[in-house]
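Working notes for the structure below.
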Amino acid sequence: MKFGLTPWSPSTASRWDPFDDMRQMQERLNRLFGDRERSSEMMDIGTLSPLVDIKENDDNIIVTTDLPGVSKEDVDIDIRNNRVWIKANMHKESEEEKEGYLMRERTYSRFARAFNLPSMVNEDAASAKLENGVLTITMPKAEIEEKRRIMIE
């Protein structure tokens with residue numbers, strides 16, 4: 001190496017992408033917490049992952065999440081194997097015509113979230129409602145049969 005030259009030069013430097021760092025961190029966290037079942041749609045950088053509140057009482061598990069601007073026809077809820085998947089799409093279009101110009105705006109958002117439940121639920125008896133942008137899913141707890149002790153002869 002000649003005097004004054006270093007292995008780094010501006011022509012060989014790559015641009016730092018903070019979103020790439022965030023994606024890598026999310027992948028590491030998913031591996032750490034066992035959240036490997038997320039679909040590629042959920043991992044898309046344009047998909048919002050809304051926060052959820054999970055409440056458990058004697059009879060039910062109640063999940064609440066905010067889905068602003070989403071209509072109930074655009075929400076898909078799947079409950080399987082003690083796991084909940086929530087997917088939703090929101091799209092708005094507006095058009096405004098004023099003195100010699102037309103302004104047209106389109107907004108598209110996707111929401112997706114998957115998580116494990118704290119207790120087993122009766123998937124067939126679950127219900128959901130969407131009011132004022134708040135989704136509430138009520139799932140009755142599954143009745144667990146008492147374990148019988150087997151005596152060894």
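The values are calculated or read from the model by the stated rules, or taken from the named source; none is laboratory data. Every value quoted in this text rests on a predicted model; they were computed, and no experiment measured them. Because the Cβ atoms are built from the backbone with ideal geometry, glycine has one as well, and the counts that use them run over all protein chains shown.
Is it fair to say Val52 is touching a Leu at 6+ places or on another chain (Cβ under 7 Å) and either at pLDDT below 85 or among the β-branched types (Val, Ile, Thr) (or both)? Against the criterion (touching a Leu at 6+ places or on another chain (Cβ under 7 Å) and either at pLDDT below 85 or among the β-branched types (Val, Ile, Thr) (or both)), Val52 does not qualify. Residue count for the stretch 79-108 under the criterion of being of a type outside the set (Ser, Thr, Tyr) and either without any contact (Cβ under 8 Å) to a residue 12 or more places away in the chain or assigned to a loop (DSSP other than H, G, I, E, B) (or both): the result is 11. Candidates are the residues of the stretch 48-78 that are under 14 Å from Leu117 (Cα atoms) and free of Cβ contacts under 8 Å to residues at least 40 places away in the same chain; the one that is farthest from the chain's Cα centre (by Cα) is Asn57. In the set (1) closer than 21 Å to Asn60 by Cα; (2) touching a strand residue (DSSP E or B) at 6+ places or on another chain (Cβ under 7 Å), the condition left unmet by Glu131 is number (2). Residues in the stretch 129-153 that are touching a Lys or Arg at 6+ places or on another chain (Cβ under 9 Å) and either among the aromatic types (Phe, Trp, Tyr) or surrounded by 13 or more Cβ atoms within 10 Å (Cβ to Cβ) (or both) were compared, and the one that is farthest from Val70 (Cα to Cα) is Thr138.
For the stretch 135-153, filtering for residues that are farther than 17 Å from Arg83 by Cβ and at pLDDT below 95 leaves 11. So which residues in the stretch 51-76 are hydrophobic (A, V, I, L, M, F, W, C), assigned to a strand (DSSP E or B) and surrounded by fewer than 15 Cβ atoms within 10 Å (Cβ to Cβ), if there are any at all? Hit for the stretch 51-76 is Ile62, nothing else. Restricting the first member to the stretch 109-128 and to residues that are surrounded by fewer than 13 Cβ atoms within 10 Å (Cβ to Cβ), and the second to residues that are in a loop (DSSP other than H, G, I, E, B), no beta-carbon pair is closer than 6 Å while six or more apart or on different chains.
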